[in-house]
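Accompanying notes for the structure given below.
The values are calculated or read from the model by the stated rules, or taken from the named source; none is laboratory data. In this text, all values refer to a predicted model and were calculated from it rather than measured experimentally. Cβ placement follows ideal geometry from the backbone for every residue including glycine, while neighbour counts extend to all protein chains displayed. Heavy atoms of the whole protein, side chains included, go into the accessibility calculation; ligands, DNA and RNA do not. Shrake-Rupley method; radii C 1.70, N 1.55, O 1.52, S 1.80 Å.
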Amino acid sequence: MAKTLLVTGGAGFIGANFVHYWLAQYPKDRVIVLDALTYAGNLANLDSVSANEKLKFIRGNICDTQLVEKILVDEAVDTLVHFAAESHVDRSILGPDAFIETNILGTYSLLKAAKKVWLDGPAPVPHRFHHVSTDEVYGTLGPNDPAFTENTPYAPNSPYSASKAASDHLVRAYHHTYGLQVTTSNCSNNYGPFHFPEKLIPLVITNILHNKKLPVYGDGLQIRDWLYVEDHARGIDLVLQKGQVGENYNIGGHNEWANINIVKLIGKLLEQEFAADSRWAEKYPTAAAAIAGDTESLITFVKDRPGHDRRYAIDAAKTGRELGYKPQESFESGIRKTVRWYLENDAWWKGVMDGSYKDWVAKQYSHQ
Ligand code: NAD
Ligand code: TYD
């Protein structure tokens, strides 16, 4: 039976990739996107599907409980997939307020609305509330520690991860106390198209194209487990189809990289692209280091992030065993695809960085 999804944060990086994936995979389903369009949310991310009549965009804040209730009722939503969040650790260190508001209070607002509409009426409505979370709630690992499993105790270290941990606990409590039909997924670092250029991978690509320094925090030996964003969407799909209500599922890539090696790898890939195709040197005349084959000269070690988690690694065995989850994209092909996507799509990343594309696209949607 066709579903009606409410996707919060569907104009952000992972949310938008999920919307693209879902509309392609399930053309009969309706997808309602609720997004406040913060600095990280851009309708440009949904531009190529904006004419799809199964997609509806609503600009609004998840903290507005009445609005959420109205959408759940008016649109007859049966599945809520919750991506909306403040997501950048460095910003959470500089100013945690927005993280507490959106990640904790915003999730609480969605849970209240979902309970009222789906559980508190004359008869319960069949539903699913899927909460998208992160591996960062588990804290940090030593070099030889086993990867995080769903049973690893929560030990968040940044205001970002603490706010996500709090939201995970609220979701769990709404299941145990009220019987809300919830699932939660905890995923490792994502990369791919539409990744906002403040995060490591797109920042390195766009800085190289501008011939700007590549800031590497501390000794650069911190480790992250990188997953192509479409594999995250596939993992969430499996949790929605086959996951047990009340359970958490880890989603990851078995793909651990030290930051410094990621930075060097992206530099090498860009050098190869520039050497193979003269179009890029013409399009990006400022990319002197990439043109000269000397991107490593841009690497600059800078002061470490306070409280910087040393290593994340996800053990996704349960999700593999119970749901048949397996990443489809190899890192080799995914990172090359991503580098090429940024080379081709400079209009997108220049626009989202200076806000101009956002204003332009918002006008196209002003009727909604
Ligand atoms: P993002 O910052 O790119 O996008 C967040 C989106 O949420 C934006 O479109 C923004 O406009 C919207 N938003 C923010 N506050 C809102 C509010 N109050 N009301 C409505 N919309 C609001 O984030 P992302 O990287 O796409 O992450 C999406 C989710 O996935 C987050 O919950 C994040 O914690 C989780 N996650 C991210 C990663 C990663 O590597 N980026 C990994 C694991 C989990
Ligand atoms: P980031 O993309 O911010 O994701 P997260 O902190 O959620 O893992 O950062 C990935 C890693 O890269 C993290 O260890 C911090 C590091 N980093 C840098 O070394 N330099 C940078 O400029 C940025 C943005 C991140």
Taking a straight Cα-to-Cα line shorter than 19 Å from LYS213, and setting aside same-chain lysines fewer than 8 residues away, one finds LYS199, LYS264, LYS268, LYS303, LYS350
Given H placed 1.01 Å from N in the peptide plane, which residues other than close sequence neighbours of ILE251 have an amide H under 5 Å from its amide H?
ASN186, CYS187, SER188
Amide H within-cut-off set for VAL7, under 5 Å, with H built and near neighbours excluded:
ILE32, VAL33, LEU34, VAL81
Where does the charge balance sit around THR183 when Lys and Arg score +1, Asp and Glu -1, over other residues with C-beta under 12 Å from its C-beta?
-2
When the accessible area of region 234-290 is split by element with a 1.4 Å probe, what percent falls to carbon and sulfur?
49 percent
Among the lysines, select those whose C-alpha is under 21 Å from the C-alpha of LYS318, and discard any that sit fewer than 8 residues away in the same chain.
LYS242, LYS326
When only C-alpha pairs under 8 Å and at least 6 residues apart count, what is the relative contact order of the chain, in percent?
18 percent
Output ³J(HN,Hα) for region 28-36: one whole-Hz value per residue in order, computed from phi by the Karplus curve 6.51 cos²θ - 1.76 cosθ + 1.60 with θ = phi - 60°, and x for Gly and Pro.
8, 6, 9, 10, 9, 9, 10, 8, 7
Per residue accessible area of the chain, 1.4 Å probe, in Å²:
42 Å²
CD proxy, 222 nm, the chain: helix-only mean residue ellipticity via -39,500 (n - 2.57) per DSSP H run with n ≥ 4, per residue, nearest 500, stands at -12000 deg cm²/dmol
With a 1.4 Å probe and every protein chain kept in, tell me what percent of the accessible surface of region 9-94 is carbon plus sulfur.
50 percent
Along the charge dipole of region 271-314, Cβ charges K/R +1 and D/E -1, which of GLN272, PRO306, PRO285 sits furthest on the positive end?
PRO306
Expressed in nm to one decimal, what extension gain is obtained for the pair GLU282 and ASP97 from 0.36 nm per residue of sequence separation less their Cα-Cα distance?
62.2 nm
Straight-line reach only, C-alpha to C-alpha below 17 angstrom: list the lysines that LYS54 could link to, leaving out same-chain residues fewer than 8 apart.
LYS3, LYS28
